[in-house]
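See below for the structure under consideration.
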Amino acid sequence: MSNDVEYLYRQDSDFWYLTGIEEPGAAAIFRPGAPERERYVVFVPLRDPRVESYEGPKVGPREAPAAYGADTAFSSDELLERLAKYDRASRSYSGYLAGVEKLYLSDGGDAEWADRLREALAEMRAREAGPPTVVDAREVIHEMRVVKDADEIALIRRATEISARAHTLAMKAAAPGKYEFEIQQALDSYCYANGARRMAYPSIVASGPNSVFLHWDRNDRRIEEGDVILNDSGAEYGYYATDITRTYPASGRFTPEQRAIYEIVLAAQKAAMAEVKPGVPHARIGSSSARVQVEGLVRLGLLKGDAGELVRNDGHRVFTKHGVSHWVGLDVHDAGRYSVRQGSRVLEPGMVFTIEPGIYIPANAAGVDRRWWNIGIRVEDVVLVTETGFECLSCAGAPRETADVERNVQAGSAR
Ligand SMILES: [Mn+2]
């Protein structure tokens with residue numbers, strides 16, 4: 001972060017998914033064909049009393065099998081040698097890669113280590129040894145991560161419950177004259193006080209003219225009377241993310257224009273959500289939402305032309321610059337493909353994703369009357385596909401109907 005100050009370490013999501021090991025500098029080998037008790041091998045840094053006198057106790061190679069459920073463990077320094085060691089006398093390799101048919105490899109983003117391994121593999125190949133096939137393991141792991149199991153769903157559910165309640169508190173904290181970061185503080189601190197180790201991403205509190213900026217996270221503007229406040233925030237709980245956006249009027253009551261836009265966004269979200277069930281293509285969420293949004297904007301005179309035609313030509317993109325849905329899991333924009341060979345991926349029970357239509361009208365928008373300027377509205381919820389349909393994990397916890405949103409902002413101001 002700066003001189004002698006470091007950010008809180010966060011493990012690589014894939015590595016965490018497979019091991020649950022948070023320690024930096026760790027590696028793992030999975031050997032499905034190996035004898036029992038030799039299949040899961042872990043490498044962690046050697047313990048160093050000097051380092052531990054600063055940073056506290058660590059899990060070393062000796063403690064790792066018990067701490068992490070590994071069959072065996074070694075020091076990270078030994079990783080390359082234990083993968084492949086060449087014996088000149090016998091001109092043969094020993095180590096975990098010797099005789100291996102196929103290596104599934106992920107470097108965890110450690111480019112320096114990846115280079116050294118690649119060199120070792122090239123040397124092996126020159127001697128006609130080593131795995132003939134090397135596959136990028138990320139593709140496989142990311143596929144596994146798309147459908148969540150019961151434990152993962154429980155963590156996402158908890159992250160979402162905490163964050164939804166925090167959004168309600170943020171609404172109550174909102175008022176003209178306050179700074180955006182005060183609203184952020186109300187939301188984030190509730191999450192931290194309820195078991196979130198960190199936020200899943202920097203909270204966005206975007207008021208008035210900032211509400212049209214998708215990645216506004218400076219959060220340093222003083223909120224004014226008549227502003228909308230777009231708040232996109234979600235906690236991380238047990239390494240799992242959530243992603244919720246609520247938009248509310250700073251003064252406790254939407255202007256007619258703000259309300260009209262809000263009603264379109266909410267209707268688009270509900271239409272898309274109603275489609276969710278196993279067997280439906282994921283892309284339908286975007287198309288249903290776009291249709292309702294465009295019809296609404298045509299009705300208000302903000303778009304001109306035939307609604308169907310406009311949707312076919314991406315007309316909804318005029319006031320929206322982002323996709324309407326992404327997977328949610330260990331990463332807030334979670335791993336996994338959205339399309340397969342046949343086209344859009346089909347929904348299955350255990351998939352978790354956002355539905356987040358939005359309309360953003362900046363000042364000086366071409367051909368738009370100024371009463372519509374500086375209105376950015378997004379409503380974003382997290383949805384779980386069930387056997388028969390869907391469950392919205394965030395809808396009940398964080399109000400999204402205009403009357404409920406207004407009531408919560410007013411309840412705060414009255415205090
Ligand atoms: Mn999102």
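Nothing in this text is a laboratory measurement; each read-out follows from the coordinates by a stated rule. The model shown is predicted, which means the values in this text are computed figures rather than measured ones. Reconstructed Cβ throughout: ideal geometry from the backbone, glycine too, with neighbour counts over all protein chains shown.
Brief remarks follow.
- The stretch 170-226 shape via C-alpha gyration tensor axes, a/c threshold 1.5: oblate
- For the chain, the list of Cys residues with no other Cys C-beta under 4.7 Å reads Cys191.
- Between Phe213 and Phe30, the FRET efficiency from the beta-carbon distance, with R0 = 45 Å, is close to 0.55.
- Burial ordering of His282, His322, fewest other beta-carbon atoms within 10 Å first: His322, His282
- Modelled this way, with points 7 Å down the Cα-to-C-beta line, the labels at Glu101 and Glu139 are 1.8 nm from one another.
- Amide H within-cut-off set for Val134, under 5 Å, with H built and near neighbours excluded: Leu103
- Alpha-carbon centroids, the stretch 206-251 and the stretch 340-415: separation in whole Å: 12
- Given charges at beta-carbon only (K, R positive; D, E negative), |dipole| of the stretch 340-398 in Debye: 360
- Shape call, the stretch 147-414: gyration tensor on alpha carbons, a/c limit 1.5: oblate
- Links that overshoot a 27 Å alpha carbon limit, given the list Lys178/Lys304; Lys148/Lys277; Lys270/Lys304: Lys178/Lys304
- Most mobile of Glu23, Glu55, Glu81 in a GNM of the chain (Cα contacts under 10 Å): Glu55
- Modelled spin labels at Glu348 and Leu46, positioned 7 Å past Cα toward Cβ, are 4.5 nm from each other.
- Measuring nothing but how far apart in sequence close Cα pairs (under 8 Å, 6+ apart) lie, relative to its length, the stretch 159-291 scores a relative contact order of 24 percent.
- Computed packing ranks the peptides 2-9, 45-52 as 45-52, 2-9, most packed first, by mean other Cβ atoms within 10 Å.
- Global geometry of the stretch 13-143, whether rounded, prolate or oblate, following the gyration tensor of its Cα atoms and the 1.5 cut on a/c: prolate
- Net charge dipole size for the chain [Lys, Arg +1 and Asp, Glu -1 on Cβ; Debye, nearest 20]: 880
- Per-residue HN-Hα couplings for the stretch 122-135 [Karplus 6.51, -1.76, 1.60; θ = phi - 60°; Hz; x = Gly/Pro]: 5, 4, 4, 5, 4, 9, 6, 10, x, x, x, 10, 10, 10
- Peptides 250-257, 263-270, 217-224 ranked from most to least packed by the mean count of surrounding Cβ atoms within 10 Å: 263-270, 250-257, 217-224.
- Take the Cβ atoms of Ser413 and Val298, set R0 to 35 Å, and the FRET efficiency comes out at 0.50.
- Phi to ³J(HN,Hα) by Karplus 6.51 cos²θ - 1.76 cosθ + 1.60 over the stretch 159-166, Hz, x for Gly, Pro: 4, 6, 4, 4, 5, 5, 5, 5
- Cα-centred dipole magnitude for the stretch 13-143, charges only on beta-carbon of K, R (+1) and D, E (-1), debye, nearest 20: 520
- Extension gain for Thr255-Val340 works out to 26.2 nm (0.36 nm per residue, less the C-alpha to C-alpha distance).
- For the stretch 184-260: relative contact order, % (alpha-carbon pairs under 8 angstrom, 6 or more apart): 30
- Cross-link reach list, aspartates and glutamates versus Lys321, counting only Cα pairs under 20 Å and skipping chain neighbours closer than eight places: Asp217, Asp232, Asp243, Glu263, Glu295, Glu309, Asp334, Glu356, Glu380, Asp381
- Max mean-square fluctuation residue, GNM over the chain, Cα-Cα springs under 10 Å, options Arg31, Arg158, Arg118: Arg118
- Val147-Glu119 FRET efficiency (beta carbon distance; Förster radius 41 Å; 0.05 resolution): 0.65
- Value of [θ]222 nm, deg cm²/dmol, for the chain, DSSP H segments ≥ 4, -39500 (n - 2.57) each, nearest 500: -10500 deg cm²/dmol
- Look at where the Cα atoms of the stretch 56-86 and of the stretch 283-328 average out, and the two centres are 53 Å apart.
- In Hz, Karplus ³J(HN,Hα) per residue of the stretch 292-299 (6.51, -1.76, 1.60; θ = phi - 60°; x = Gly, Pro): 5, 5, 5, 4, x, 5, 5, 4
- Residue with peak Gaussian network fluctuation, the chain [Cα springs, cutoff 10 Å], from Ser90, Ser76, Ser163: Ser90
- Between Ala283 and Trp373, the contour length at 0.36 nm per residue exceeds the Cα-Cα span by 29.4 nm.
- Net lengthening on full extension, Ser92/Ala274 (0.36 nm per residue, minus Cα-Cα): 59.4 nm
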